[in-house]
Amino acid sequence: MRLYLSLLLSLLSFISKAFGPEPEYWIRPDSLGLGYVEKVLNTPDHAQLLSWHLPTTASIPLRKTLVIAYTLTGNMGNCVYYANAFLKAGFDIVLFDYRGFGHSSRFQFDSKQIYHDEFVTDLQTAIIAAKAQFPVNEIGVLSFSVSTILATLAYQNTPYDFLVAEGFASDLPGIISFWKKEENKVLTLPVSAKSYPKAITNVRCPVLLLAGTLDKITPLAEIKKVLAQRQNRRLLTYEDEHLQGTSFWEEKEFADGYVRRISEFVSKL
């Protein structure tokens with residue numbers, strides 16, 4: 001199982017070479033004995049998103065909800081082991097699939113475009129649903145690489161209480177240049193990306209930035225610029241490449257050191 005999880009982590013990259021949306025779930029929460037509520041979320045533009053809402057299994061709940069926004073690869077089934085680790089620590093969890101992923105509404109996914117504006121709407125819809133499902137909790141978003149863009153843009157019209165961002169994507173032209181040079185991939189941005197630098201500054205909630213010192217996709221130097229914009233932002237680094245925090249900080253079981261660091265951050269809010 002540990003080998004599988006290590007392979008899974010390698011798939012959580014900014015742009016996948018061979019993977020995009022996956023329609024079927026290789027695992028569901030009940031596969032791990034987790035209780036959950038399955039809901040269909042309706043977006044303002046009439047898409048339907050499948051979502052799993054999971055209450056914490058901890059004896060002392062944190063009264064914090066994490067909406068997990070995955071990279072644009074696979075579906076929310078890939079987040080079930082992450083969810084399990086956070087549930088043990090006292091978090092309530094909301095998983096959801098963007099349109100075009102899993103069993104959500106069909107959508108024409110363009111793998112050459114870094115993100116679609118519709119995915120921002122989807123994340124906003126999941127945040128609103130999380131507030132309704134766990135009304136006494138503070139709401140946070142856990143985002144990875146490309147989904148840090150979505151989390152930043154979603155905050156502008158649907159504020160939440162805290163953000164945890166691994167591999168924060170701040171320099172979008174630089175990321176496009178990286179993939180052009182690295183693999184001759186030509187990537188594009190939607191028109192809304194013009195407002196993205198300002199949107200980063202406008203995120204006023206506490207932010208925990210997780211970054212690899214060897215990350216070439218979202219370099220540490222760029223993430224430090226994001227850190228410097230506001231005093232309520234914190235940075236934790238690990239000596240590895242893009243999105244390897246979970247494996248680098250593993251102590252005894254999957255994601256334990258990773259979750260502990262995030263728990264320490266939110267417990268001080």
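The values are calculated or read from the model by the stated rules, or taken from the named source; none is laboratory data. Note that the structure is predicted; figures quoted are calculated from it, not measured. Don't worry about glycine lacking a Cβ; one is built from the backbone with ideal geometry, like all the others, and counts go over all protein chains shown.
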* Only residues that are touching a Ser or Thr at 6+ places or on another chain (Cβ under 8 Å), of a type outside the set (A, V, I, L, M, F, W, C) and either in a strand (DSSP E or B) or over 18 Å from Leu150 (Cα atoms) (or both): list them for the range 92-106, please. => Asp92
* **Scan of the range 19-29 for residues that are surrounded by 12 or more Cβ atoms within 10 Å (Cβ to Cβ) and either farther than 24 Å from Pro135 by Cα or free of Cβ contacts under 8 Å to residues at least 40 places away in the same chain (or both), ordered by number** => Phe19, Gly20, Pro21, Glu22, Pro23, Tyr25, Trp26, Ile27, Arg28
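Conditions (1) hydroxyl-bearing (Ser, Thr, Tyr); (2) out of contact with any Pro (no Cβ under 7 Å at 6 or more places or on another chain); (3) more than 19 Å from Val266 (Cβ to Cβ), marked per residue:
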{"residue": "Asn137", "(1), (2), (3)": "no, yes, no"}
{"residue": "Asn157", "(1), (2), (3)": "no, yes, yes"}
{"residue": "Ala165", "(1), (2), (3)": "no, yes, no"}
{"residue": "Ser195", "(1), (2), (3)": "yes, yes, yes"}
{"residue": "Leu210", "(1), (2), (3)": "no, yes, no"}
{"residue": "Pro219", "(1), (2), (3)": "no, yes, yes"}
{"residue": "Lys224", "(1), (2), (3)": "no, yes, yes"}
* Yes or no: Leu236 under 29 Å from Asn202 (Cα atoms) and out of contact with any Leu (no Cβ under 9 Å at 6 or more places or on another chain)? -> no
* **Enumerated helices (runs of 4 or more DSSP H) restricted to the range 168-269, each holding at least 1 residues that are over 30 Å from Pro61 (Cα atoms) and among the polar types (S, T, N, Q)** => 172-183, 196-202
* May I ask you to list the residues in the range 32-49 that are under 19 Å from His116 (Cβ atoms) and either in contact with a helix residue (DSSP H, G or I) (Cβ under 8 Å, 6 or more places away or on another chain) or surrounded by 23 or more Cβ atoms within 10 Å (Cβ to Cβ) (or both)? => Leu41, Asn42, Thr43, Pro44, Asp45, Ala47, Leu49
* To do: Taking the options Ser147, Ser177, Ser192, Ser170, name whichever one is of a type in the set (Gly, Ala, Ser), crowded, with 16+ Cβ neighbours inside 10 Å and more than 14 Å from the chain's Cα centre (by Cα).
  => Ser170
* Evaluate the range 162-182: report whether one residue or more is in contact with a Cys (Cβ under 7 Å, 6 or more places away or on another chain) and modelled with pLDDT of 95 or more. => yes
* Quick one: is Leu163 under 23 Å from His53 (Cβ atoms), in a strand (DSSP E or B) and of a type outside the set (Asp, Glu)? -> yes
* Structure fact -> Those residues of the range 108-137 that are assigned to a loop (DSSP other than H, G, I, E, B) and more than 18 Å from Leu62 (Cα to Cα) come to a total of 8
* To do: State which residue is surrounded by the fewest Cβ atoms within 10 Å (Cβ to Cβ) when the search covers only the range 252-269 and only residues that are modelled with pLDDT of 95 or more and of a type in the set (Asp, Glu).
  => Glu264
* **Hey, Val80 part of a strand (DSSP E or B) and at pLDDT 95 or above or not** => no
* Based on what the data block shows, is Ser147 within 17 Å of His116 (Cα to Cα), at pLDDT below 95 and of a type outside the set (Val, Ile, Thr)? -> no
* To do: Considering every residue within the range 102-114, establish whether at least one is crowded, with 23+ Cβ neighbours inside 10 Å, within 15 Å of the chain's Cα centre (by Cα) and either modelled with pLDDT of 95 or more or over 30 Å from Val259 (Cβ atoms) (or both).
  => no
* Structure fact -> Across (1) modelled with pLDDT of 95 or more; (2) under 17 Å from Ser147 (Cβ atoms), Gly74 clears everything bar (1)
